[in-house]
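Inspection log for the structure reproduced underneath, given as structure tokens.
The values are calculated or read from the model by the stated rules, or taken from the named source; none is laboratory data. Predicted, not measured: the structure shown is a model, and the values here were computed from it. Note: ideal-geometry Cβ built from the backbone for every residue, glycine included; neighbour counts use all protein chains shown.
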Amino acid sequence: MAEQTRRRFLGRTGSLALAYALAGCGIEGTLEKAQKAATPIPEVTHKKVPLGNWTFSNWPLYIDKQVIKDFDKQFGGHVKYVEDINDNDEFYGKVRQQLQAGESIGRDIVTLTDYMCVKWVRNRYVEPLDKKNLPNVVNNLVDNLKSVPYDKEREFTVPWQSGAVGIGYNPKKTGRELNSVDDLFDPAFKGRVTMLNEAYDSAGLTLLSMGVNPTEASIDQILAAIEKIQKAADAGQFRRFTGNDYSTDLAKGNIWVAHAYSGDIVQLQSDNPDLKFIYPDEGAMLFTDNMMIPAKAEHMYAAETMMNYVYEPEVAATLAIYVNYLSPVKGVQEVVEKSDPEIANNPLIFPSDEIRAKLHPYPALSETDERTMKEAMAKVTGA
Amino acid sequence: MSLHRRRQLLPWLFIGPGLLWLLIFFLYPLLNQASVSLMTGNPEQGYDLTWAFSNYWDAISEYKEQFGRSIVYAAISTILCLIIAFPLAYYAAFHAGRFKNLILLLIILPFFMSYVLRTVAWQLILSDDGTVVSFFRSIGVLGDDGRLLASSTAVIAGITYNFLPFMALPLYVALEKIDPRLLEAATDLYASRATAFRKVTVPLALPGIFAGSLLTFIPACGDFINAALLGTPQQYMIGNVIQSKFLNILDYPQAAALSFTLMLFILIGIFLYARVLGARNLTQAAV
């Protein structure tokens, strides 16, 4: 019988493993958990403890590193600041399994965009905040962000920065000034254009060119916009669909026109002063990135201390001067006025009310519509 | 315990750790993903095993373009790798003398740097205003508006570059083992150098060619970094689709179905390859 052992063994272990693999079949969805979580939020108290070594996840080029150094010096402990968020969906895809399993994701603050915060708040992938540790946020948060549909009392989220999604370009390469969303689709720039792979951004901007208000758009209108993008993509109009990573291509001149974030362009201008950002005549999309404490985070007091710290107008001003997005903190323009009047008058950082009126927040889509939109967009981006 | 029983147990003791490793880190994930590939559902409601074999058909019909591209790109890169690596390995094995180790070190050296970084470096090398592009423009290979980056050429170049060591090293090992006296014998028997190369060196190098081709072709088929960094959606390979299905869309069943389909294609390919080139010649070479 010995000569049969190998086969027999493989057979046995094989069927055992098969049984085991199939026994735990099915992947749990988020819905059930979300329903369970839709209970009143408990009042929480996060004790003041030494900050220790804690972790802050953010997007690239989204902070003046001096702020981190000053924070460590003032409050003790050490913040490990990682720039590992390049795309909301990709980041969510990476940590989703741990969140779903109720495990810590090893981060104490994550900074994600509105439509992603919707998911995290709904599924309770976040810890409620202790407002007693956030007096600056309570006092200095700008009025129009005090309440958002997915977090009416700001119990889970604190805005980090807002920004506009418009068009960044190099006039030397395009040979003319741009002013319209349609310029992204101009065949003269074929293969020299990038578009953001985030459907909320790309479909949103395209909807504006079709005369539709993206905040109120129906899923059918959104799909029509994606079809327009698809046609242009098939014709080779777009060189790539990108996250933040269009910046090198744009600065190096590989691309001429980019569907871009306002703050990125202001930063890139220091490398390549030719670059310009426009709010298209049709309007632009407005996003807000929010700080959140992921569920089961270890250093909640440290996270709240940081959130509170960046809401001191002086600190917020340092950030605004560096990151060049729209600050959610009151009184920043006044502080910046004193040190950098040029920045205080830059419409990309402190837009006029007239421009602000043209900025549209993202639509609130149901999970099903959102998935339909994302799948349609994924087909366009080739994946 | 009787000697007989001990004899029976001993082999298990030896293969035990390896077997355990395979069970936990290969067989279990494999079976797990096999069951995922037959599920239906969505990220909110969750996925349930419904034995949806249609996932496979959907995956193939929807992404045949990316499948085809993966195989074509990987095949071209493998051939290019062979063309580049063979002379390199040949020189290192027969003529390099004391520089042999230096050459081998140089082949491995890129591995000291991260894969992604090496590929990003190619972005810079091939950038539109870079020297490579302007050189090709000046000699007329590229039009005035031509580009290398974000094209099939760039993706294939990236794959070829990244997998070259996987071809060069097995080739070197195979060539190095060849006894020079066999070549001398061939010339003694009035074979020209070309004939000796064809009838002696190449057949003896076949195991190396076989191993090198597999080591290059298989990972190249599943690669997504090169297409993502050096290509456009028109160049995306099946790896890009799988990555985005797993991480962005969270459509695990289709991602798993795509992975298994790719694996199946590769296995069939290897089988055919082994039948055509391998089996007969490999045994001949060994004799």
Matching helices (runs of 4 or more DSSP H) fully within segment A:73-174 where at least 2 residues are modelled with pLDDT of 95 or more: A:135-140
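Matching residues to (1) within 16 Å of B:Ala74 (Cα to Cα); (2) among the acidic types (Asp, Glu):
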| position | (1), (2) |
| --- | --- |
| B:Val202 | no, no |
| B:Gly208 | no, no |
| B:Leu214 | yes, no |
| B:Phe217 | yes, no |
| B:Ala220 | yes, no |
| B:Asp223 | yes, yes |
| B:Asn226 | yes, no |
Taking only pairs six or more apart or across chains, which ones have beta-carbon atoms under 8 Å, a first residue in segment A:221-233 that is touching a residue at least 24 places away in the same chain (Cβ under 8 Å), and a second residue that is of a type in the set (Asp, Glu)? A:Ile222/A:Asp369
Could you say which residue among B:Val173, B:Val155 is over 30 Å from B:Lys100 (Cβ atoms), part of a helix (DSSP H, G or I) and not polar (S, T, N, Q)? B:Val155
Residue identified as more than 14 Å from chain A (Cβ to nearest Cβ) and modelled with pLDDT under 90 among B:Pro170, B:Pro207: B:Pro207
How about segment B:55-80: which of its residues are closer than 19 Å to B:Ile159 by Cα and either within 12 Å of chain A (Cβ to nearest Cβ) or free of Cβ contacts under 8 Å to residues at least 24 places away in the same chain (or both)? B:Glu65, B:Gln66, B:Gly68, B:Arg69, B:Val72, B:Ile79
Residues being touching a helix residue (DSSP H, G or I) at 6+ places or on another chain (Cβ under 6 Å) and among the basic types (Lys, Arg): count how many of those fall in segment B:146-205. 0
Meets criteria (touching a residue at least 40 places away in the same chain (Cβ under 8 Å) and either in a loop (DSSP other than H, G, I, E, B) or under 29 Å from B:Pro110 (Cα atoms) (or both)) for B:Phe163: yes
Would you check if A:Val138 is free of Cβ contacts under 8 Å to residues at least 60 places away in the same chain, away from chain B (no Cβ under 14 Å) and not aromatic (Phe, Trp, Tyr)? yes
Determine whether segment B:141-156 contains at least one residue that is surrounded by 20 or more Cβ atoms within 10 Å (Cβ to Cβ), among the hydrophobic types (A, V, I, L, M, F, W, C) and more than 13 Å from chain A (Cβ to nearest Cβ). yes
Can you find a residue that is in a helix (DSSP H, G or I), out of contact with any Cys (no Cβ under 8 Å at 6 or more places or on another chain) and of a type in the set (Phe, Trp, Tyr) anywhere in segment B:220-241? no
Confirm whether B:Thr160 is polar (S, T, N, Q) and surrounded by fewer than 23 Cβ atoms within 10 Å (Cβ to Cβ). no
With respect to B:Phe94, determine if the residue is more than 22 Å from B:Asn226 (Cα to Cα) and away from chain A (no Cβ under 14 Å). yes
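Here is a yes/no grid of residues against (1) crowded, with 20+ Cβ neighbours inside 10 Å; (2) β-branched (Val, Ile, Thr); (3) in contact with a Ser or Thr (Cβ under 9 Å, 6 or more places away or on another chain); (4) within 24 Å of A:Thr368 (Cβ to Cβ):
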site	(1), (2), (3), (4)
B:Asn42	no, no, yes, yes
B:Glu62	no, no, no, yes
B:Thr78	yes, yes, yes, no
B:Leu88	no, no, no, no
B:His95	no, no, no, no
B:Asn101	no, no, no, no
B:Leu105	no, no, no, no
B:Ile108	no, yes, no, no
B:Val116	no, yes, no, no
Return the pairs, sorted by first residue and then second, in which the second residue is among the polar types (S, T, N, Q) and surrounded by 17 or more Cβ atoms within 10 Å (Cβ to Cβ), the first residue lies in segment B:39-54 and is free of Cβ contacts under 8 Å to residues at least 60 places away in the same chain and within 10 Å of chain A (Cβ to nearest Cβ), the beta carbons are less than 7 Å apart, and the residues are 6+ apart or on different chains. B:Glu44/A:Thr30; B:Leu49/B:Ser35
Just for segment A:78-103: of the residues that are over 21 Å from A:Arg371 (Cα atoms) and of a type in the set (Gly, Ala, Ser), which one is nearest to the other protein chains (Cβ to nearest Cβ)? A:Ala101
What's the total number of residues in segment A:237-258 that are within 10 Å of another protein chain (Cβ to nearest Cβ), at pLDDT below 85 and part of a loop (DSSP other than H, G, I, E, B)? 1
Segment A:205-249: number of residues that are under 20 Å from the mean Cα position of the chain (by Cα) and among the charged types (D, E, K, R): 2
Those residues of segment A:330-380 which are away from chain B (no Cβ under 14 Å), under 18 Å from the mean Cα position of the chain (by Cα) and surrounded by fewer than 20 Cβ atoms within 10 Å (Cβ to Cβ), in sequence order: A:Pro361, A:Ala364
The residue that is farthest from the chain's Cα centre (by Cα), considering only those in segment A:175-200 that are over 27 Å from B:Ser127 (Cα atoms) and in a helix (DSSP H, G or I), is A:Ala199
Lone unmet requirement of (1) at pLDDT 90 or above; (2) assigned to a loop (DSSP other than H, G, I, E, B); (3) within 14 Å of chain B (Cβ to nearest Cβ) for A:Ala383: (1)
Does B:Ala205 satisfy the condition of being closer than 15 Å to B:Ala89 by Cα, in a helix (DSSP H, G or I) and either outside the structural domain of B:Ala89 (by TED's automatic domain parsing) or not polar (S, T, N, Q) (or both)? yes
Just one of the numbered conditions (1) away from chain A (no Cβ under 14 Å); (2) more than 13 Å from B:Asn226 (Cβ to Cβ) is not true of B:Phe163; which one? (2)
Is at least one residue of segment A:149-159 of a type in the set (Lys, Arg) and assigned by TED's automatic domain parsing to the domain that holds A:Asn88? yes
Show me the helices (runs of 4 or more DSSP H) found entirely inside segment A:266-351 where at least 2 residues are over 18 Å from A:Ile63 (Cα atoms). A:300-309, A:332-339, A:341-344
